[in-house]
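Worksheet: one structure, shown below.
The values are calculated or read from the model by the stated rules, or taken from the named source; none is laboratory data. What you are looking at is a predicted structure, and each value in this text was computed from that prediction instead of being measured. Cβ coordinates were reconstructed from backbone atoms using ideal geometry, including for glycine residues, and neighbour counts include every protein chain displayed. Accessible surface areas use protein heavy atoms only, side chains included; no ligands, DNA or RNA. Shrake-Rupley method; radii C 1.70, N 1.55, O 1.52, S 1.80 Å.
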Amino acid sequence: MEDEEMEKKVHQYLQRKGFRVAGLALLEDRTRLSATTTTTTTASSSSHSLSDAALSRSENDPARYYDGYSKLRTWAYSYLDHYKHELLRILYPLFFHCFMDLVAEGHTQEACSFFHTFREDHEHSRDLKKLESILSPLHLEQMEVARSLRQNKFRIKLCEVYSYELLLQYLHKTQALVVLGIINERIDFQVSPGQSPLIIDDSDAVVLIGSSKDLTKQINQKEVHWGKRSSEGGKQGGSHKKIKKDKFVGTTGKNMKSETSMVSIAPRVKPELTLPMTSVEVEQSILEDLRNRAQLNSLSLPSFNHYMWNSACSQGENGPSQIERVSTSDEVRKSCTLFQGHSGPVYSAMFSPIGDFLLSSSADSTIRLWNTKLNANLVCYKGHNYPVWDVQFSPVGHYFASASHDRTARIWSMDKIQPLRIMAGHLSDVDCVQWHVNCNYIATGSSDKTVRLWDVQTGECIRMFIGHRSMVLSLAMSPDGRYMASGDEDGTIMMWDISSGRCVSPLVGHNSCVWSLAYSCEGALLASGSADCTVKLWDVASSTKTLKMDDTKGGSANRLRMLKALPTKSTPVYTLQFSRRNLLFAAGAPSLGS
């Protein structure tokens with residue numbers, strides 16, 4: 001009686017979970033056993049031992065994966081084309097899980113043979129080459145692709161008439177335990193009523209649940225306050241508006257007014273971080289630069305200076321005060337100061353907004369803070385476990401962010417040697433980092449081809465931007481805080497709307513890595529520096545204005561146009577910076593072949 005009650009409970013559980021095939025198999029086994037129990041009582045001990053031995057041999061036999069997959073493959077290909085394209089969708093997840101289960105059980109040779117026998121069915125998959133290098137159970141734990149496939153389920157779209165019914169009939173007749181186990185554990189079917197449409201290509205037909213698309217939708221629902229810092233209001237804001245009014249008078253006044261005023265409108269957001277006080281001298285210097293700022297637009301392009309050197313030097317954050325010291329080779333020898341302390345190559349360096357401090361990051365996994373007045377190292381920040389590719393001061397100083405090979409970004413303050421926040425979530429190196437203008441968020445670009453936006457207070461990822469086809473090497477935030485630009489290894493630049501998380505427009509023009517991006521002070525222009533030895537200027541103001549007018553129409557054309565290309569002789573452009581007066585500075589080092 002206890003066995004019957006247990007079987008009933010198991011059968012109810014299978015029905016509740018939707019495992020109808022397994023429930024039918026359980027009922028058939030129970031009726032078969034009840035019919036044969038009266039004739040097998042005399043030889044029960046010997047038969048049980050033989051059946052257990054046979055079952056153990058079948059469970060450990062690697063050939064069962066080959067047989068289960070090949071039989072299902074032959075069955076699917078034998079049907080009419082009207083149903084075949086849906087039935088073949090099952091082979092994709094089944095192939096990967098059969099291969100990985102063979103590796104997990106230690107059957108490496110059989111797994112390689114299985115992989116090469118059926119790989120031609122899935123040559124379109126990007127993960128095929130990555131999985132080919134899996135040779136041991138340890139690799140299954142170390143590789144991100146294998147972990148993602150084994151930890152998440154596939155969702156497959158099938159029509160109820162007749163694809164799903166045909167599959168159930170096949171599984172019921174063959175009783176392929178390997179196929180049944182993988183389907184029950186690794187696959188969810190999204191069954192739609194009606195017959196199969198004659199549509200072969202469907203990008204969402206086979207989706208890994210919990211993969212980047214689903215995760216992106218979930219993350220991008222969070223709220224983002226993209227405006228400027230509220231501390232920028234008051235006298236500075238009033239002076240800024242007055243300067244604009246004076247500068248608008250001229251031959252191109254109408255065009256300049258329309259473009260600049262459109263960009264300058266942005267909500268004010270209170271910063272969550274405790275910001276440092278700004279001295280009166282610094283405020284006066286900022287106001288002086290604002291009074292003399294050149295207004296840029298598609299008709300008025302910036303003055304451009306490009307510097308080249310043979311030894312590593314750092315660039316200033318705002319204005320030419322730091323950069324003018326390295327204007328010629330003779331002056332470099334006289335005025336450059338050598339900072340020594342790192343035990344490996346230095347990958348990034350940045351001045352504080354005022355210019356009194358300098359940050360540097362290195363392959364020795366440390367970040368160092370230097371005093372430019374004392375020419376001395378003040379602090380060595382340790383926290384990353386691998387090389388630190390990038391380091392960036394916040395727009396107000398005091399806080400800074402770092403990006404590392406250990407797949408994390410970290411937020412620091414100058415007065416603490418330990419990081420305040422650790423942003424973990426990228427699947428590969430974090431190659432670049434950039435602060436939002438209101439200091440509430442940081443953006444990170446990674447070798448996993450994604451850009452993420454992080455909340456500084458909580459350390460959570462609140463936006464994920466997907467669209468790049470290679471590693472992301474550079475980032476830039478618009479002055480109003482609404483847009484972000486990112487450049488990748490292929491030379492593509494993508495402009496993103498931070499509030500919605502979608503791509504506004506890709507910018508195609510470079511044919512090599514985009515190392516640096518910079519917005520002009522009013523946000524009308526975007527400058528990009530590349531390894532193809534060019535600096536390109538892009539019209540952002542008029543393009544975003546057109547975007548706002550066409551938002552209701554749902555257009556997605558490439559609206560951002562290139563205004564000008566500024567080539568160098570043979571020097572890749574590694575870094576760009578607009579000064580507070582809207583002068584564009586670029587720097588680079590000559591390539592080995594030049």
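Taking amide H atoms as placed 1.01 Å from N in the peptide plane, list the residues 5 or more away in sequence, or in a different chain, whose amide H sits under 5 Å from that of residue 441.
Close amide H contacts, sequence-distant or interchain: 436, 456.
For the pairs 382/416; 157/222; 153/173; 217/449; 222/449; 449/564, note any where the Cα-Cα span goes beyond 19 Å. Before the final figure, lay out the partial values.
On the way: 382/416 11 Å; 157/222 28 Å; 153/173 25 Å; 217/449 17 Å; 222/449 21 Å; 449/564 28 Å.
Where the Cα-Cα span goes over 19 Å, the pairs concerned are 157/222; 153/173; 222/449; 449/564.
In debye, nearest 20: dipole of segment 62-210 around its Cα centre with unit charges on the Cβ of K, R (+) and D, E (-)?
Details: 16 positive and 20 negative charges, 30 e Å.
Taking the Cα centre of segment 62-210 as origin, the dipole is about 140 debye.
Can you tell me the relative contact order of segment 62-210? Whole percent, Cα pairs under 8 Å, sequence separation 6 or more. Intermediate results must be reported in sequence, preceding the final value.
On the way: 158 pairs, mean separation 43.8, N = 149.
Dividing the mean separation by the residue count of segment 62-210 yields 29 percent.
Hey, what did segment 370-431 get for relative contact order, percent, Cα under 8 Å, at least 6 apart?
Values: 113 pairs, mean separation 16.5, N = 62.
Averaging sequence separation for qualifying contacts and normalising by length gives 27 percent for segment 370-431.
Got a number for the accessible area of residue 347? Probe 1.4 Å, square angstrom, nearest 10.
Estimated to the nearest 10 Å², residue 347 gives 110 Å².
Over segment 62-210, with every protein chain in place, what whole percent of the accessible area is carbon and sulfur at 1.4 Å, could you tell me? Walk me through the numbers before you get to the answer.
Numbers: 3880 of 7550 Å².
Summing carbon and sulfur atoms, their accessible area is 51 percent of the total for segment 62-210.
When the Debye formula is applied to the Cα atoms of segment 62-210, each taken as the same point scatterer, what base-10 log of I(q)/I(0) results at q = 0.16, 0.19 Å⁻¹?
Taking Cα atoms of segment 62-210 as identical point scatterers yields -0.87, -1.23.
When you count, for each residue, the other Cβ atoms within 10 Å and take the mean per peptide, how do 99-107, 480-488 rank with the highest first? Walk me through the numbers on the way to the answer.
Values: 99-107: 18.9, 480-488: 24.6.
The most tightly packed comes first, giving 480-488, 99-107.
Might you work out the accessible area of residue 135 for me, using a 1.4 Å probe with all protein chains in place, and round it to the nearest 10 Å²?
Accessible area of residue 135: about 90 Å².
5 Å is the cut-off here: which amide hydrogens, built 1.01 Å from N in the peptide plane, fall below it relative to residue 564, excluding neighbours closer than 5 in sequence?
537
Taking only C-alpha pairs under 8 Å that are 6+ residues apart, what is the relative contact order of segment 80-159 in percent? Please list the in-between numbers first.
On the way: 44 pairs, mean separation 27.6, N = 80.
Once divided by the residue count of segment 80-159, the mean separation gives 35 percent.
If each of residue 150 and residue 427 carries a label point 7 Å out from its Cα toward its Cβ, how far apart are those two points in nm?
That separation, rounded to one decimal, is 1.6 nm.
Roughly what would the spin-label model give for residue 385 and residue 143, points 7 Å off Cα along C-beta, in nm?
2.1
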